[in-house]
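Peer 1: Let me begin by handing over the structure; questions about it come next.
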Amino acid sequence: MRGAWQELASLLLPVACAGCGGRRGPLCGPCGAELTELRPRRVTPRAAPPGLPPVWAGGGYAGALRSVLLAHKERGALPLAEVLGRVLAAAVLAALAARPLPGVATSTPLLLVPVPSARAATARRGHDPLRRITLAAAGQLRASGRAVRMTPLLRQRRAVADQVGLDRAQRHANLDGALAAHSGRTGGPGRAGPPAPMVLVDDLLTTGASLAEAGRALRAGSDGHGPVVAAAVIATPLRHPIGGTRR
Ligand SMILES: [Zn+2]
């Protein structure tokens with residue numbers, strides 16, 4: 001309900017640019033251009049957790065991209081999912097160009113698997129930001145001729161603490177075993193055909209703990225056929241943690 005109201009309100013009220021606060025919202029020309037000019041890159045957190053798949057990020061935690069991500073995630077600026085989806089789609093393509101997945105060249109649809117949000121965080125925000133961004137990215141990749149689906153294969157198995165303020169070891173312990181794959185949906189044994197190629201996606205890469213745990217859960221649910229690569233909208237160093245995280 002809140003989502004529907006925000007979408008309606010965004011059509012009726014003049015909005016500031018989410019990138020710079022200027023008048024021509026929801027995203028002005030220069031801020032839009034800043035996002036278009038981003039080039040995804042491979043990112044490796046310092047002391048990356050075991051099992052972290054190779055990750056490509058659309059950009060750093062700075063400038064218009066940071067502001068737009070926060071406006072969408074924490075302030076419910078829902079139309080921005082499209083532009084964030086473009087950034088994520090570019091990161092997915094960069095990941096696949098560098099690390100082609102088995103099966104991705106065939107007609108088997110590529111699955112974009114978002115790291116699941118905690119129910120409490122989704123309820124507080126009134127929407128699931130990563131799911132919207134992933135849907136937008138999948139739509140844009142399909143429009144470019146690729147067979148791609150957003151597939152929420154993962155779920156939270158237990159509650160986790162807020163990751164803000166935790167160091168690397170604490171984040172790892174907080175998330176260890178927290179996720180599980182929905183049974184029978186990962187394309188593992190018992191299902192006809194080869195496992196579908198999967199790219200794990202997240203909005204924000206900090207220590208890599210979330211993506212490593214998501215990769216572990218997917219591999220556990222599909223007899224080892226987990227994702228080979230991951231993509232994130234933003235990579236951020238731990239010393240600049242985001243104000244509000246998923247958890
Ligand atoms: Zn702007």
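Just so you know, all these numbers are worked out from the coordinates, no wet-lab data involved. Please read all numbers here as calculations on a predicted model, not as lab measurements. Glycine also receives a Cβ, built like all others from the backbone with ideal geometry; neighbour counts cover every protein chain displayed.
Peer 1: Let me know the shape class of region 40-235, please: from the alpha-carbon gyration tensor, a ≥ b ≥ c as square roots of the eigenvalues, rounded when a/c is under 1.5, otherwise prolate if a/b is greater than b/c, or oblate. Don't jump to the answer; show the numbers that get you there.
Peer 2: Values: a/c = 1.43, a/b = 1.12, b/c = 1.27.
Rounded, because the longest to shortest axis ratio a/c is under 1.5.
Peer 1: Let me ask something else. About the Cα centre, and with charges only on the beta carbon of Lys, Arg (+1) and Asp, Glu (-1), how big is the dipole of region 40-235? Nearest 20 debye, please.
Peer 2: On the way: 25 positive and 10 negative charges, 36 e Å.
For this selection, approximately 180 debye.
Peer 1: Applying the Karplus parametrisation 6.51 cos²θ - 1.76 cosθ + 1.60 with θ = phi - 60° to the phi angles of region 117-125, what ³J(HN,Hα) value in whole Hz is obtained for each residue in order, glycine and proline being reported as x?
Peer 2: 8, 5, 4, 5, 5, 4, 5, 5, 7
Peer 1: Taking amide H positions as placed in the peptide plane 1.01 Å from N, state which residues far from V228 in sequence (5 or more) or on other chains have amide H under 5 Å from it.
Peer 2: The answer is M198.
Peer 1: Here's something else I'd like to know. Looking at region 40-235 only, what percent of DSSP beta bridges run antiparallel? Nearest 5 please.
Peer 2: Values: 6 of 24 bridges.
Bridges in region 40-235 that DSSP calls antiparallel: roughly 25 percent.
Peer 1: Compare the peptides 148-161, 208-221 by average per-residue count of other Cβ atoms within 10 angstrom and give them in order, highest first.
Peer 2: Working: 148-161: 17.1, 208-221: 24.5.
Top to bottom by mean Cβ count within 10 Å: 208-221, 148-161.
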